[in-house]
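What follows is one structure encoded as C-alpha cells, with my remarks underneath.
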Amino acid sequence: MISFLNDKFTSMGLEKTLQLGAITCFVSDVLNLLYINFYWFKVRFNSEFLAKVLTFHGVNAATISPEDIANYKYMLIGSLTNMLFLFLFVHTILYYLFSKNKKWARKYVGGYCLSATLLTLLELVFFRSELTAWSLVLPITAFLYLTAFIGHKSFELDQD
C-alpha cells in the first residue's frame, strides 16, 4: 500500500500532493472535532467523571448541588470546544503554509500526522470495548492522517 501511495503521489507532483495533504488533514481535524463534540463530551463528561475531577482537586463533590455540577460540566465543555476551534483555526493556517511548501510547516504537519495516526490507533485499542457508530470516525481519520504523512514523506528527500 505504501509503495502504491508513493507512486501515486510522485505522479501527482509535489504541489498537488501538498494541497491534497492539507485538505486531508483539515477534513480529519473536522471529523475529530465532530467526534469529540457529539460523542466524546457526552459519554466522558458525566457526573461520575466530574466528581472524580473535583475530588482530585480536593473538593468534596457530595457537597455540591447537581445543578452546580451541571453548570461546571457545561462551562468545561464550552471552554474545551472554544479551545478546539482555536486549534482548528491555527491548523488551517498551518495547512495553508504546508500546501505552499514552507519547510517548518511541513515538519510540523508531518510530525502531527504521524502522532495523530498513532494516538488514534491507540484510542481504538484502549476503548475497543466501548466502540459505537461514532467510533468509525477514528479509523477514517487515522487513514487520512497516515495518507497525508506518506504524501509528505514521498517528497522529503527532494526538499533537503
Margin query: Apply the Karplus curve 6.51 cos²θ - 1.76 cosθ + 1.60, θ = phi - 60°, to the phi angles in the stretch 128-145 and return the couplings in whole Hz, x for Gly and Pro.
Written below: 4, 7, 10, 6, 10, 4, 4, 5, 5, 5, 4, x, 5, 5, 4, 5, 5, 5
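Could you work out [θ]222 nm for the chain from helices alone, using -39500 (n - 2.57) per DSSP H run of at least four and dividing by all its residues? Round to the nearest 500 deg cm²/dmol.
Numbers: 8 runs with 127 residues, N = 160.
Mean residue ellipticity, 222 nm, calculated: -26500 deg cm²/dmol.
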Checklist line | Helix 14-35 axis, angle to the chain major axis (alpha carbon atoms, nearest 10°) | finding: 10
Margin query: At R0 = 41 Å, how high is the FRET efficiency between Thr55 and Val125 if r is their beta carbon distance? Nearest 0.05 is fine.
Written below: 0.90
Next item on the list: For the chain, compute the number of Lys pairs whose alpha carbons are separated by less than 18 Å, excluding pairs fewer than 8 positions apart on the same chain.
Entry: 14
Checklist line | Neighbourhood charge, 13 Å Cβ-Cβ cut-off, centred on Ile2 and excluding it, Lys, Arg +1 and Asp, Glu -1 | finding: +1
Next item on the list: Apply the Karplus parameterisation 6.51 cos²θ - 1.76 cosθ + 1.60, with θ equal to phi minus 60°, to every residue of the stretch 100-106 and state each ³J(HN,Hα) to the nearest whole Hz, in sequence, with x for glycine and proline.
Entry: 8, 6, 7, 4, 5, 5, 5
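May I ask you to derive the FRET efficiency for Ile69 and Val90 from their Cβ-Cβ distance with R0 = 41 Å, giving the value to the nearest 0.05?
Working: r = 32 Å, r/R0 = 0.77.
Given R0 = 41 Å and the Cβ-Cβ separation, E is 0.85.
Bear in mind that the values in this text are calculations on the coordinates, not laboratory data. Remember, predicted model here, so these are calculated numbers, not experimental data. All Cβ positions, even for glycine, are placed from backbone atoms using ideal geometry, and neighbour counts span all protein chains on display.
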